[in-house]
Every structure is written in C-alpha cells, then in structure tokens.
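Step one of this worksheet: look at the structure below.
The values are calculated or read from the model by the stated rules, or taken from the named source; none is laboratory data. Every value quoted in this text rests on a predicted model; they were computed, and no experiment measured them. Every residue, glycine among them, receives a Cβ derived from its backbone with ideal geometry; neighbour counts consider all protein chains shown.
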Amino acid sequence: MNFSQLDHLQQDTLCELSNIGMGQAATALSQMVGRTIMVHVPSVTTADIAEVPDLLGGPERLVAGVILRLEGTACGNMLLVLPEASAEQLLQVLLGPDGSLESELGVSTLQEIGNILASSYLNALGNMLGMPLYPSIPQLAYDMAGAVVDQVLGEIGASSDLALVLETEFAGNDGPGEPIRGHFFLLPDAETLEIILAAAGGAA
C-alpha cells in the first residue's frame, strides 16, 4: 500500500478524530492551569520522516521536542515539537511570566503537555481502532530540529519511513491573539500505520 498521500476521506476522518482528542486534551490542560486553553488541529497529512526537520523550519532551528513511545497493542513513537519561541510563549500562557524552558517547572510542564496531548489523542485513536493505546513517560529534547528527529529515528529504527503530521494550535481565552503553532507527529511502525489508514477509510 502507498501511504505517501492521504485521500480526502482519510484527511477528514483523521482531522476530526484528532480534534476530538485535542478537545479532550484542552479540557485537561485547562483544569491543570485553572483557565481555558484551546487546542485545535487544522490539518492532518503524511510526510516522509526525513522531511520532518524541514517542516519544523530547517534542521538547525532550535526546538523543544517531547518524545514518547507508543505502547499497548501497537508500536511506534510520538513527538510534539514547538519552535523555541513558541514553547516559551506557550509556557507563559500556562504559567505566567515565570514560564521558561530554562526552569525545572517549564521542562516538567512541557513534558506534561506532551503526555496530555498524546494520551488524549491515543484514547480517541484507540477507540476508533478498537485497541488500547497509551504513551510512555515523556522525555524532553531541547536541541536543533535535526538532532531531535535523529533521536527519535534512533529509537524507532527503520520500521517505517512515514509519519502522520498533525498541525497543532494552542490558544488562551484572553484575547484574539495569534495561536501558538507546533506539530504533533505520530510515527507508527508500518503495520500500525496500515491499520490506522484502513480504519480511516478511503483508498490508500
């Protein structure tokens, strides 16, 4: 099967599922910080893993990446990536002016954000697939995009060369301001990717 491009039905199905999961994540984040936080996924696509650093602005761009393994009855990895400035901005939205990547609280908060997003997304995905899925303990990588992706590739090996790419937008409720944009990647093994796309319908 060729997964280089999603058809419209698969895009719509996976985008709707992603927004259901991220809606659950937004509720959990809002409860965590005591204020309304919104999380939206405007698009879902596939990309070659080798192209991921370019999607993030180039291999030398400094990013904060939260890495998690996919556990349960499927295999793979997940990666939440925010450009350095976006990560700092998100921490300030969540924690106030003291939010920073340089602080222990900032690091643990980003790890918890990754955990919440991954858990919520996998809950929605697992319901669609009829199988239990859950994330491992998150790890934070604060480095150039190329190095972060290489770290993930080192964990998953050559089991698959494609990733599901979820554009991810965060926003608070304190004004219209521009949403904070990042990317959430699901990097399943080839068998799991086939199951996901088949369940989403359409021709692959």
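When the residues of the stretch 17-33 are narrowed to those that are touching a residue at least 24 places away in the same chain (Cβ under 8 Å) and of a type in the set (S, T, N, Q), which ends up surrounded by the fewest Cβ atoms within 10 Å (Cβ to Cβ)? Going through the qualifying residues, I end up with 24. For residue 121, state whether it is outside any loop (DSSP other than H, G, I, E, B) and within 12 Å of the chain's Cα centre (by Cα). Here the answer is yes, as residue 121 does meet what is asked.
When 6, 94, 70, 14 are checked against the criterion of being assigned to a strand (DSSP E or B) and of a type outside the set (Val, Ile, Thr), a single residue qualifies: 70. The listed residues are 113, 137, and the only one of them that is in contact with a strand residue (DSSP E or B) (Cβ under 9 Å, 6 or more places away or on another chain), part of a loop (DSSP other than H, G, I, E, B) and at pLDDT 90 or above turns out to be 137. Taking the stretch 34-55, which residues are in a helix (DSSP H, G or I) and surrounded by fewer than 16 Cβ atoms within 10 Å (Cβ to Cβ)? If the condition is that a residue be in a helix (DSSP H, G or I) and surrounded by fewer than 16 Cβ atoms within 10 Å (Cβ to Cβ), then 50, 51, 54 are the ones that fit. In the stretch 147-166 there is at least one residue that is touching a residue at least 12 places away in the same chain (Cβ under 8 Å), surrounded by fewer than 23 Cβ atoms within 10 Å (Cβ to Cβ) and under 21 Å from residue 20 (Cα atoms).
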